[in-house]
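Trainee: Pasting a structure here, questions to come.
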Amino acid sequence: MSDRGDPAREQILGSIRRSLRRGELAGAARAAAEERLASPPRGPIVRRAKLPHAEKVALFCQWAETHNATVARISGADVPGEVSAYLARNNLPAEAAMAPSPQLESYDWQSQKMLALRRGRGEGRDQVSITGAFAGIAETGTVVMASGPDHPVSLNLLPDTHIVVLREADIVGGYEDVWEKLRDRYGKNGMPRTVNTITGPSRTGDIEQTIELGAHGPRRMHIVVVRD
């Protein structure tokens, strides 16, 4: 709405308005739209997410497990050890593609001598990925991923196993809290190209309503919730 100097954008939006028989957006209508974009209204808030923060964390973990993810609540110093232990428990190779994130780099990965990490985007041969998360949503047990140089989107989708390191401080009540948090972090004109909301491992029930994991992405999701 605010990019009035972009002819291509104005042409596209103008074509849409004409097809809807709405004419050009001008005057009071444009001002109302600009005001809404400048101060977006909050949508409905689910009552079950209106909790003290400690209870939001517990609710997040409960819903994540309900949706077939596994959860470990640990201190920050134990993150590398928990990742290695999870891979061993599930008979997975001690190697992973990890997001080049300052948050993840702050953990002592060198303490795990048998764990081999490759920083960068996901590739077809990767069996395990390790990423951070922008937020967790207590309402549904959902993790929110914001794309960027420190978090390639392919790490969310390609490997069979996705390990997510989520700080308790980044767990919010509902979806509306996430949009507000995104606007605060990135600003109106700097939003990430992609925001993924992921609730448990990929699954489908298309065939005879039988749930199959790993349909369109990882078949395992392990969420490491780091205590504040």
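The values are calculated or read from the model by the stated rules, or taken from the named source; none is laboratory data. All figures in this text were calculated on a predicted structure; none of them were measured in a lab. Cβ sites come from the backbone with ideal geometry, for glycine too, and all protein chains shown count toward neighbours.
Trainee: Return yes or no: is A146 modelled with pLDDT of 95 or more and surrounded by fewer than 17 Cβ atoms within 10 Å (Cβ to Cβ)?
Mentor: no
Trainee: For segment 20-39, how many residues meet the condition of being part of a loop (DSSP other than H, G, I, E, B) and either more than 30 Å from I171 (Cα to Cα) or in contact with a helix residue (DSSP H, G or I) (Cβ under 7 Å, 6 or more places away or on another chain) (or both)?
Mentor: Adding up the residues that qualify gives 7.
Residue-by-condition table, conditions (1) in contact with a Ser or Thr (Cβ under 7 Å, 6 or more places away or on another chain); (2) more than 23 Å from R220 (Cα to Cα); (3) not hydrophobic (A, V, I, L, M, F, W, C):
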{"site": "P44", "(1), (2), (3)": "no, yes, yes"}
{"site": "H53", "(1), (2), (3)": "no, yes, yes"}
{"site": "V57", "(1), (2), (3)": "no, no, no"}
{"site": "W63", "(1), (2), (3)": "yes, no, no"}
{"site": "A96", "(1), (2), (3)": "yes, no, no"}
{"site": "Q110", "(1), (2), (3)": "no, yes, yes"}
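Trainee: Further question: If I filter segment 66-79 for residues that are at pLDDT 95 or above and either over 30 Å from V128 (Cβ atoms) or loosely packed, with under 13 Cβ neighbours inside 10 Å (or both), do I get at least one hit?
Mentor: Within segment 66-79, one or more residues are at pLDDT 95 or above and either over 30 Å from V128 (Cβ atoms) or loosely packed, with under 13 Cβ neighbours inside 10 Å (or both).
Trainee: Still on this structure, I have one more. Within segment 2-28, which residues are surrounded by 13 or more Cβ atoms within 10 Å (Cβ to Cβ) and at pLDDT below 75?
Mentor: L25
Trainee: Any residue at all in segment 104-126 that is surrounded by 14 or more Cβ atoms within 10 Å (Cβ to Cβ), small (G, A, S) and closer than 30 Å to A49 by Cβ?
Mentor: no
Trainee: If we scan segment 182-205, do we find a residue that is in a helix (DSSP H, G or I), at pLDDT below 95, under 30 Å from R47 (Cβ atoms) and of a type in the set (D, E)?
Mentor: The answer is yes; a qualifying residue exists.
Trainee: Cβ-Cβ under 8 Å, sequence separation 6+ or interchain: first residue in segment 127-146 and outside the structural domain of N68 (by TED's automatic domain parsing), partner at pLDDT below 95. Which pairs?
Mentor: Qualifying pairs under 8 Å: none.
Trainee: Could I ask something else about it? Can you say whether R17 is without any contact (Cβ under 8 Å) to a residue 40 or more places away in the chain, farther than 19 Å from G174 by Cβ and not in a helix (DSSP H, G or I), as far as the supplied structure shows?
Mentor: no
Trainee: Of the conditions (1) surrounded by 23 or more Cβ atoms within 10 Å (Cβ to Cβ); (2) aliphatic (A, V, I, L, M); (3) within 20 Å of A54 (Cβ to Cβ), V172 fails just one. Which one is it?
Mentor: Among (1) surrounded by 23 or more Cβ atoms within 10 Å (Cβ to Cβ); (2) aliphatic (A, V, I, L, M); (3) within 20 Å of A54 (Cβ to Cβ), the lone unmet condition for V172 is (1).
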